């Protein structure tokens, strides 16, 4: 998988992603008065919906792998006996 990104960068990536989703919903509600509907979005995207869902699933798999690697490394470090010199 190559170099694992740092927790700080990962935190900011997720924070920006969440903020952009909230901003998107707020702008839509500002223009239309109601939140956007997932069903209407799917219908408007047509077959591109599957491409976007695939990208999002891959992104969540990456998040899961990243977090799993961090947890595994932390468990490995704690399980390693410490020797005093």
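The values are calculated or read from the model by the stated rules, or taken from the named source; none is laboratory data. Just so it is clear, the model here is predicted, and its values are computed rather than measured. FYI the Cβ positions are ideal-geometry reconstructions off the backbone, even for glycines, and counts take in every protein chain you see.
Brief remarks follow.
- Residue 42 vs. criteria surrounded by 10 or more Cβ atoms within 10 Å (Cβ to Cβ), touching a helix residue (DSSP H, G or I) at 6+ places or on another chain (Cβ under 8 Å) and in a helix (DSSP H, G or I): yes
- Long-range neighbours under 9 Å by Cβ, at least six apart or interchain, first residue assigned to a helix (DSSP H, G or I) within region 1-22, second surrounded by 10 or more Cβ atoms within 10 Å (Cβ to Cβ) and at pLDDT 85 or above: 17/59
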